[in-house]
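Chemist: Next up is a structure, given as C-alpha cells.
The values are calculated or read from the model by the stated rules, or taken from the named source; none is laboratory data. Note that the coordinates shown come from a computational prediction; the quantities given were computed from them, not determined experimentally. Note that we place each Cβ from the backbone using ideal geometry, even for glycine, and neighbour counts take in every protein chain shown.
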Amino acid sequence: MTSSQPKVALVTGAARGIGLAAAKRFLADGWRVALLDIEGALLESAVAALKQPDDTLALTCDVSDAAGVAKAVAAITSRFGRLDALVNNAGTAVFAPVLETSDADWTRIMAVNLTGPFLCTKAAAPLMREHGGAIVNITSISAVRASTLRSAYGTSKAGLAHLTKQLAVELASLGIRVNGVAPGPVETAMAKAVHTPEIRADYHDAIPLNRYGLEEELAEAIFFLCSDRASYITGQILAVDGGFDAAGIGLPTLRGQRRNG
Ligand SMILES: NC(=O)c1ccc[n+]([C@@H]2O[C@H](COP(=O)([O-])OP(=O)(O)OC[C@H]3O[C@@H](n4cnc5c(N)ncnc54)[C@H](O)[C@@H]3O)[C@@H](O)[C@H]2O)c1
C-alpha cells in the first residue's frame, strides 16, 4: 500500500460465503473493511472472529432498503472517512419453475440482487469519488446462459451485468471503475440450499476443471478488480467458473424441463 492512509472497502453480504472471503482478502492486504449484512447476529460473530476491531465495521442492513443503505454509508464516512471499493455481493436465490415462482419471490429477488446494487452504488459513489475507486458486482453464470428453474434469479443477475456496463460508462468521469465477477458454482451456504444432488452432479460433469469453486478463488478475482493492478479495466465481467461458460451449454439440468433436472 503506497498511500499513508489505509484504503477502505464496503462488502455487502459479508457475514459468510464469498462476501466474508472477500472481506478477509482486503484485510490481508492492509485495507479496512465495512462488512454489511442483513443477518445481524451472524455478521457480529463473523466480524468478531476476524479479530481486527480497528480495521472492521459491522453494518446490519438490508441492501434493498434505501434509507438503511444511506445510514450505512454515513457510518463508514464517520468511522473511516473514505471509501475506495464497493463489492455488491449480497444476493438471494430461489430455484423454481417459472409457473411455480411466486410474485413475492420474483419481487424480492429483483429487490436484493438488482435494486440493492443500484442503491448501494448511489449511496457510495459520492464518497468514493473523493479518491476514485472501484465497484465489483457479483453476477453469476446464470446471467449469461438461460436455464430451467432460474427465471427470477438469472434475470436479476443479467440485469446486474448490464447495470455494471451502464455504471462503468457513467461513473468513469468520477474516477470510479465498475466491473463484475460471474461465479460458477461455489461451495457456499447458498449453493448448499439450492443445488440439488442432480444439479451438483451435472455441474461437476460440465465444468472443465471438474469441481466447484472455492470462496477464496472468488475473493482473489474480486480483490484484483478493486486493486490498482486493474486500473485500466472497467465495464468487464470476469467469469470465475472453472471454464464452465467457455465450454458452452452442457448440463441436462440446464436444458431439461424437469423440476430437479
Ligand atoms: N454460491 C454460488 O454457487 C454462487 C454462484 C453464482 C453467483 N453467486 C452469487 O455470489 C454472491 C454471494 O453468494 P454466496 O454463495 O456467498 O451466498 P451466501 O448465501 O452464502 O451469502 C450471501 C450473504 O448475503 C446476505 N444477504 C442476503 N440478502 C441480503 C440483503 N437483502 N441485504 C444484505 N445482505 C443480504 C446473506 O445474509 C448472506 O450472508 C450472491 O450474489 C450470489 O448470487 C453465488
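Chemist: Which count do you get for residues in region 200-210 that are out of contact with any Phe, Trp or Tyr (no Cβ under 9 Å at 6 or more places or on another chain), closer than 18 Å to ALA246 by Cα and either within 12 Å of the ligand (Cβ to nearest atom) or not charged (D, E, K, R) (or both)?
Modeler: Narrowing region 200-210 to residues out of contact with any Phe, Trp or Tyr (no Cβ under 9 Å at 6 or more places or on another chain): 201-202, 205, 210.
In the following step, the residues that additionally are closer than 18 Å to ALA246 by Cα were identified as 202, 205, 210.
Narrowing the set further to residues that are either within 12 Å of the ligand (Cβ to nearest atom) or not charged (D, E, K, R) (or both) leaves 210.
The qualifying residues number 1.
Chemist: On to the next question. Just need a number here: residues in region 83-120 that are touching a helix residue (DSSP H, G or I) at 6+ places or on another chain (Cβ under 6 Å) and away from the ligand (no atom under 14 Å from the Cβ).
Modeler: 5
Chemist: Scan region 97-130 residue by residue and report those that are modelled with pLDDT under 95 and surrounded by 15 or more Cβ atoms within 10 Å (Cβ to Cβ).
Modeler: none
Chemist: May I pose another question? Quick check on my filter: what residues within region 33-56 are touching a helix residue (DSSP H, G or I) at 6+ places or on another chain (Cβ under 8 Å) and either basic (Lys, Arg) or within 15 Å of the ligand (Cβ to nearest atom) (or both)?
Modeler: Those that are touching a helix residue (DSSP H, G or I) at 6+ places or on another chain (Cβ under 8 Å) and either basic (Lys, Arg) or within 15 Å of the ligand (Cβ to nearest atom) (or both): VAL33, ALA34, LEU35, LEU36, ASP37, ALA46, LEU50.
Chemist: Please tell me if ALA58 is more than 19 Å from ASN137 (Cβ to Cβ) and either at pLDDT below 95 or surrounded by fewer than 18 Cβ atoms within 10 Å (Cβ to Cβ) (or both).
Modeler: Details: more than 19 Å from ASN137 (Cβ to Cβ): yes; either at pLDDT below 95 or surrounded by fewer than 18 Cβ atoms within 10 Å (Cβ to Cβ) (or both): no.
Spelling it out, it is not the case that ALA58 is more than 19 Å from ASN137 (Cβ to Cβ) and either at pLDDT below 95 or surrounded by fewer than 18 Cβ atoms within 10 Å (Cβ to Cβ) (or both).
Chemist: If GLU39 passes every condition in (1) in contact (Cβ under 8 Å) with a residue 24 or more places away in the chain; (2) over 30 Å from THR107 (Cα atoms); (3) surrounded by fewer than 16 Cβ atoms within 10 Å (Cβ to Cβ) but one, which one does it miss?
Modeler: Of (1) in contact (Cβ under 8 Å) with a residue 24 or more places away in the chain; (2) over 30 Å from THR107 (Cα atoms); (3) surrounded by fewer than 16 Cβ atoms within 10 Å (Cβ to Cβ), only one is false for GLU39: (2).
Chemist: Here's something else I'd like to know. For region 169-192, how many residues meet the condition of being near the ligand (Cβ under 7 Å from one of its atoms), farther than 17 Å from GLY235 by Cα and touching a residue at least 24 places away in the same chain (Cβ under 8 Å)?
Modeler: Final tally of qualifying residues: 6.
Chemist: Within region 1-21, how many residues are surrounded by fewer than 20 Cβ atoms within 10 Å (Cβ to Cβ), over 14 Å from ALA90 (Cβ atoms) and in contact (Cβ under 8 Å) with a residue 60 or more places away in the chain?
Modeler: Within region 1-21, residues that are surrounded by fewer than 20 Cβ atoms within 10 Å (Cβ to Cβ), over 14 Å from ALA90 (Cβ atoms) and in contact (Cβ under 8 Å) with a residue 60 or more places away in the chain number 1.
Chemist: Can you name the residue in region 1-17 that is near the ligand (Cβ under 9 Å from one of its atoms) and either in a loop (DSSP other than H, G, I, E, B) or in contact with a Gly (Cβ under 9 Å, 6 or more places away or on another chain) (or both) and, of all such residues, is nearest to ASP84 (Cα to Cα)? Before the answer, list the steps.
Modeler: If we filter region 1-17 for residues that are near the ligand (Cβ under 9 Å from one of its atoms), which is where we start, we get 12-17.
Okay, now just the ones that are also either in a loop (DSSP other than H, G, I, E, B) or in contact with a Gly (Cβ under 9 Å, 6 or more places away or on another chain) (or both), so 12-16.
On the way: THR12: 14, GLY13: 18, ALA14: 17, ALA15: 20, ARG16: 22 Å.
Of everything passing the filter in region 1-17, THR12 is nearest to ASP84 (Cα to Cα).
Chemist: Have a look at LYS71, LYS24 and point out the one that is part of a helix (DSSP H, G or I), away from the ligand (no atom under 12 Å from the Cβ) and without any contact (Cβ under 8 Å) to a residue 12 or more places away in the chain. Please lay out each step first, then the result.
Modeler: Values: LYS24 fails: without any contact (Cβ under 8 Å) to a residue 12 or more places away in the chain.
Testing whether each residue is part of a helix (DSSP H, G or I), away from the ligand (no atom under 12 Å from the Cβ) and without any contact (Cβ under 8 Å) to a residue 12 or more places away in the chain leaves just LYS71.
Chemist: Of the residues in region 150-206, how many are touching a Leu at 6+ places or on another chain (Cβ under 9 Å), basic (Lys, Arg) and within 27 Å of ALA125 (Cβ to Cβ)?
Modeler: 2
Chemist: Just checking, how many residues over region 139-162 are out of contact with any strand residue (DSSP E or B) (no Cβ under 7 Å at 6 or more places or on another chain) and either free of Cβ contacts under 8 Å to residues at least 40 places away in the same chain or surrounded by fewer than 23 Cβ atoms within 10 Å (Cβ to Cβ) (or both)?
Modeler: 10
Chemist: Then there is this: Inspect region 195-202 for any residue being out of contact with any helix residue (DSSP H, G or I) (no Cβ under 9 Å at 6 or more places or on another chain) and either on the phi > 0 side of the Ramachandran plot or hydroxyl-bearing (Ser, Thr, Tyr) (or both) and give the result as yes or no.
Modeler: No; the residues of region 195-202 include none that is out of contact with any helix residue (DSSP H, G or I) (no Cβ under 9 Å at 6 or more places or on another chain) and either on the phi > 0 side of the Ramachandran plot or hydroxyl-bearing (Ser, Thr, Tyr) (or both).
Chemist: Further question on the same structure: Suppose the filter is over 13 Å from the mean Cα position of the chain (by Cα) and β-branched (Val, Ile, Thr); does VAL194 pass it? Write out each step before concluding.
Modeler: Working: over 13 Å from the mean Cα position of the chain (by Cα): yes; β-branched (Val, Ile, Thr): yes.
In short, yes.
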